[in-house]
DNA sequence: ATAGTTGCAAACGTTTTGCAATGGG
DNA sequence: CCCATTGCAAAACGTTTGCAACTAT
């Protein structure tokens, strides 16, 4: 019900990373906590500057790197483009990337995951993590 | 038995891409045909320069881009680092990575591929390419 | 002959870094 | 108070591009 929840989530990210809580970092963490997409550093910076216009590019990159290094953000490098970020505490999903627009859709397929486990098992392994990306174009 | 095979393979790559056969391109294609690893552009250039030291960076990038665009090279972008290349004339496969030893096994699952196409179709897309990596540990 | 290709160098987009000033614990 | 953090600007990095000279067909 209360907005405080979001603010707490942002601070929690920073604390979990062992980072001092500062105004720029709070704005950046807030952006990530609120994001429903997979923004790259430039987009994170632009959004954070709506809260605090004085934030520098360097701080955005440094904060993102620190959070990612501590495992609090997941990073995706779709093809050769800019690294995109998302908070890591959300349920697993895979990605479908529109190669023409760069749009990213999330999906989950229990069947695919089951088959992945079967493949792993056939090789004598169990899956710790996986990455599945579908590079697509709109069907004609 | 004969070395000519390699040279032909390099030329075949260029012809298949509809590119004129030139000395720099032949050297680059040769490097790719001979590669047993996944070199990035800089490595391809360095190796090609052993055959022809006058090759420019621009030509390396342009040739790699042309071959990749025609589907004759596969590209991998591990993390955010430089794009790596490999000739695409080997059958498609996915990767199972042993997170403890780093060993990489290749596998193919027609069923998974079929489900991938179904997922894409459900979103109104067709798959251009995909990447599937299973990070595993040996089953207890 | 002529369209495709080249090397060079400059530009590009993303990310990192050196530094002096600032500010959080 | 002290060290982490900041903004700035410049540099680093991988990659692309404009251009005039060259070359395969």
Seminar exercise, completed: When every residue in the stretch A:79-94 that is at the interface with another protein chain (Cβ under 10 Å from one of its Cβ atoms) and surrounded by fewer than 19 Cβ atoms within 10 Å (Cβ to Cβ) is compared, the one nearest to residue B:128 (Cα to Cα) is A:79
Exercise. Are there any pairs with C-beta distances below 6 angstrom linking a residue in the stretch A:36-63 that is free of Cβ contacts under 8 Å to residues at least 60 places away in the same chain to a residue that is part of a loop (DSSP other than H, G, I, E, B) and within 8 Å of DNA strand D (Cβ to nearest atom), with the two at least 6 apart or on different chains, and if so which?
Worked result: A:48/A:55; A:49/A:55
Exercise. So residue B:114 clears everything in (1) surrounded by fewer than 16 Cβ atoms within 10 Å (Cβ to Cβ); (2) under 16 Å from the mean Cα position of the chain (by Cα) except one condition, right? Which one?
Worked result: (2)
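Conditions (1) within 29 Å of residue B:94 (Cβ to Cβ); (2) surrounded by fewer than 16 Cβ atoms within 10 Å (Cβ to Cβ); (3) within 16 Å of the chain's Cα centre (by Cα); (4) away from chain B (no Cβ under 11 Å), marked per residue:
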position: A:49; (1), (2), (3), (4): no, no, no, yes
position: A:72; (1), (2), (3), (4): yes, no, yes, yes
position: A:75; (1), (2), (3), (4): yes, no, yes, no
position: A:110; (1), (2), (3), (4): yes, yes, no, no
Exercise. Looking at this structure, is residue B:106 within 18 Å of residue A:108 (Cα to Cα), within 21 Å of the chain's Cα centre (by Cα), more than 8 Å from chain A (Cβ to nearest Cβ) and surrounded by fewer than 19 Cβ atoms within 10 Å (Cβ to Cβ)?
Worked result: no
For this session: From (1) closer than 24 Å to residue A:84 by Cα; (2) in contact (Cβ under 8 Å) with a residue 40 or more places away in the chain; (3) more than 13 Å from the chain's Cα centre (by Cα); (4) surrounded by 15 or more Cβ atoms within 10 Å (Cβ to Cβ), pick out the condition that doesn't hold for residue B:98.
Result: (1)
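Each reported figure results from applying straightforward, stated rules to the coordinates on display, with no laboratory input. The structure displayed is predicted, hence computed values, not measured ones. Cβ coordinates were reconstructed from backbone atoms using ideal geometry, including for glycine residues, and neighbour counts include every protein chain displayed.
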